[in-house]
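Asks: First the structure, then my questions, so here it is.
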Amino acid sequence: MQADEIRFLFGYDRWATRRVLAVLDGLDPAVWNRTDVVDERGLGAILVHHLGASQRWRHGFQDTGESPEPELDPLPTIDQLLERWDVEWAAVDAWLPTVRDDFVEYIHEGVPVWQMLVHVVNHGTQHRTEAAALLTAEGRSPGELDLIFYAEDQAADSEED
């Protein structure tokens with residue numbers, strides 16, 4: 001796997017996450033704050049966990065010695081979560097262009113870094129799926145989240161250029 005392919009996957013991850021986050025406005029706070037829906041988590045906690053995991057992995061890949069933001073506790077408001085995602089995506093925008101093929105190919109403790117990077121996206125897919133199911137039950141489906149729809153959007157955008 002090459003760095004450009006990793007950037008594509010991270011682009012997909014953001015696109016799909018934004019689709020889920022876009023349907024949160026006006027959500028009943030009881031739905032947001034519910035717990036014990038999927039294991040011990042509810043919708044809000046699922047999305048907070050997704051953000052926290054993304055932050056922790058990025059910090060690990062960057063190896064800056066900085067600690068990621070702690071997982072948000074108590075549960076933040078939807079607006080607070082959206083603000084934290086914006087901060088995270090700005091950090092990803094600064095880091096991702098520095099990712100090179102030799103880093104992606106590096107083997108860390110027997111595991112190629114590209115597999116770890118793909119894990120981050122796959123982990124997001126799991127939690128977006130959980131969130132999308134809960135949101136759909138509330139009449140707030142985020143729509144199609146499959147990678148192929150992102151790929152088609154990207155292809156259409158490049159044809160317009």
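The values are calculated or read from the model by the stated rules, or taken from the named source; none is laboratory data. In this text, all values refer to a predicted model and were calculated from it rather than measured experimentally. For neighbour counting, all protein chains shown are included, and Cβ atoms are generated from backbone atoms with ideal geometry for every residue, glycine included. Please note that ligands, DNA and RNA were not included when accessible areas were found on the heavy atoms of the full protein model with its side chains. Shrake-Rupley method; radii C 1.70, N 1.55, O 1.52, S 1.80 Å.
Asks: Kindly evaluate Asp28 against the criterion of being touching a residue at least 40 places away in the same chain (Cβ under 8 Å) and out of contact with any Phe, Trp or Tyr (no Cβ under 7 Å at 6 or more places or on another chain).
Replies: yes
Asks: Continuing with the same structure: Within region 140-161, which residues are over 18 Å from the mean Cα position of the chain (by Cα), open to solvent by 70 Å² or more (accessible area, probe 1.4 Å) and either of a type in the set (Ser, Thr, Tyr) or within 20 Å of Leu24 (Cα to Cα) (or both)?
Replies: Ser158
Asks: Here's something else I'd like to know. Please state which of the following conditions Glu5 fails to meet, knowing it meets all the rest: (1) over 24 Å from Met116 (Cα atoms); (2) of a type outside the set (Phe, Trp, Tyr); (3) surrounded by fewer than 18 Cβ atoms within 10 Å (Cβ to Cβ).
Replies: Here Glu5 meets the rest and fails (1).
Asks: May I ask you to list pairs of residues, at least six apart or on different chains, whose Cβ atoms are under 7 Å apart, with the first in region 48-74 being within 18 Å of Val118 (Cα to Cα) and the second being at pLDDT 80 or above and among the β-branched types (Val, Ile, Thr)?
Replies: Ser54/Val120; Trp57/Val120; Arg58/Val92
Asks: Is it the case that Val120 is surrounded by 17 or more Cβ atoms within 10 Å (Cβ to Cβ), more than 12 Å from the chain's Cα centre (by Cα) and either in contact (Cβ under 8 Å) with a residue 24 or more places away in the chain or within 16 Å of Phe8 (Cβ to Cβ) (or both)?
Replies: No.
Asks: Report the residue count in region 6-26 for those that are of a type outside the set (Phe, Trp, Tyr), over 15 Å from Gln126 (Cβ atoms) and in a helix (DSSP H, G or I). Steps first, answer last, please.
Replies: First, the residues of region 6-26 that are of a type outside the set (Phe, Trp, Tyr): 6-7, 9, 11, 13-14, 16-26.
From what is left, the residues that are over 15 Å from Gln126 (Cβ atoms) are 6-7, 11, 14, 18-19, 21-26.
Now drop any that are not in a helix (DSSP H, G or I), which leaves 6-7, 11, 14, 18-19, 21.
Adding up the residues that qualify gives 7.
Asks: Residue check: is Arg56 open to solvent by 10 Å² or more (accessible area, probe 1.4 Å), under 30 Å from Ile107 (Cα atoms), under 14 Å from the mean Cα position of the chain (by Cα) and modelled with pLDDT under 95?
Replies: It is true that Arg56 is open to solvent by 10 Å² or more (accessible area, probe 1.4 Å), under 30 Å from Ile107 (Cα atoms), under 14 Å from the mean Cα position of the chain (by Cα) and modelled with pLDDT under 95.
Asks: Please find, within region 64-106, the residue that is modelled with the lowest pLDDT out of those that are open to solvent by 90 Å² or more (accessible area, probe 1.4 Å) and more than 30 Å from Val23 (Cα to Cα).
Replies: The qualifying residue modelled with the lowest pLDDT is Ser67.
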